[in-house]
Amino acid sequence: MTLETYIGIRNISSYSVLLPLALFAVAVYKRKQPSSVWLLGLLLVVSGLADLVSFLVYAHYHVNPNPVVSVYGLLQFLIVMLIYRTEYTRTVLKRLADVVIFAFTVFAIVNFWFIQGVEAFNSNLFTVSCIVLIVFCVLYFYQIIQELPEPHIERMVMFWVGAGVFFYFGTNLILFVTVDSLIAKADNNFLVSWGLHNGSNMVRNIIFSAALYVALTKRT
């Protein structure tokens, strides 16, 4: 993969967040939305701002964007976990989410300051977040199977949210596990891997757009 191709994919990935954000704005304007939709909108805003700030500090000020990326990784995890906590119907899963949120926050802070450091890409944070969010995503899908709250699951906002979470974090788990060696080499594999990451981010935003389209059009 050429550097120009990678930059093109990265830019499209960054702009792709505008589609679900536009649908979110229309959805909350048209009708009252549940907390999970508002949290999804917050996730999209944080994602867009993280991309923008990372680009500005690196391209215009030549500052390492990794601290911004690490903070985004923590915020992303917390928001997704809050989405699931809101949607779980069993108290035990809500309490489990509370414990995991607290434990992960402590882990992220310790990793940021004492293990991988402020300036490094915090791959530990992203690897653990992928594993945990995949597990909680599967738990929610199991809840859907057990309770069948909607006969047509494609009409459920959370089905599409879960699909986006499972696809994105499942796709990028291997990347985050191996990213330290990729950064050390900084070769074509580095560009291909991060190009695929940006591509998966685009797909995630498309899936989240489907979720918000359901939120916009679903009859109550």
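The values are calculated or read from the model by the stated rules, or taken from the named source; none is laboratory data. Source: prediction; values computed, not measured. Note: ideal-geometry Cβ built from the backbone for every residue, glycine included; neighbour counts use all protein chains shown.
Please count how many residues of region 65-102 are farther than 27 Å from Trp160 by Cα and part of a helix (DSSP H, G or I). Let's see the steps before the verdict.
Applying the first criterion (farther than 27 Å from Trp160 by Cα) to region 65-102 yields 65-68.
So of that shortlist, the ones also part of a helix (DSSP H, G or I) come out as 66-68.
Total satisfying the criteria: 3.
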### Query
Residues of region 1-25 being modelled with pLDDT of 95 or more, aliphatic (A, V, I, L, M) and in contact with a Leu (Cβ under 6 Å, 6 or more places away or on another chain), which ones?
Val17, Leu21, Leu23
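Within region 172-193, can you find the residues that are of a type in the set (Gly, Ala, Ser), at pLDDT below 70 and more than 19 Å from Thr5 (Cβ to Cβ)? So that I can check it myself, show each step before the final result.
The initial filter retains those residues of region 172-193 that are of a type in the set (Gly, Ala, Ser), namely 181, 184, 186, 193.
Remaining after also requiring at pLDDT below 70: 184, 186.
Result: Ala184, single match.
Assess whether Pro34 counts as being crowded, with 21+ Cβ neighbours inside 10 Å and either under 19 Å from Val71 (Cβ atoms) or modelled with pLDDT of 95 or more (or both).
On the way: crowded, with 21+ Cβ neighbours inside 10 Å: no; either under 19 Å from Val71 (Cβ atoms) or modelled with pLDDT of 95 or more (or both): yes.
No; evaluated as a whole, the condition is false for this residue.
Every residue, every condition in (1) surrounded by fewer than 13 Cβ atoms within 10 Å (Cβ to Cβ); (2) in contact with a helix residue (DSSP H, G or I) (Cβ under 9 Å, 6 or more places away or on another chain); (3) among the polar types (S, T, N, Q); (4) closer than 30 Å to Glu119 by Cα, yes or no:
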position: Gly8; (1), (2), (3), (4): no, no, no, yes
position: Lys30; (1), (2), (3), (4): yes, yes, no, no
position: Gly41; (1), (2), (3), (4): no, yes, no, yes
position: Leu44; (1), (2), (3), (4): no, yes, no, yes
position: Ser47; (1), (2), (3), (4): no, yes, yes, yes
position: Val53; (1), (2), (3), (4): no, yes, no, yes
### Task
Give just the number: which of (1) surrounded by fewer than 17 Cβ atoms within 10 Å (Cβ to Cβ); (2) assigned to a helix (DSSP H, G or I) does His62 not satisfy?
(2)
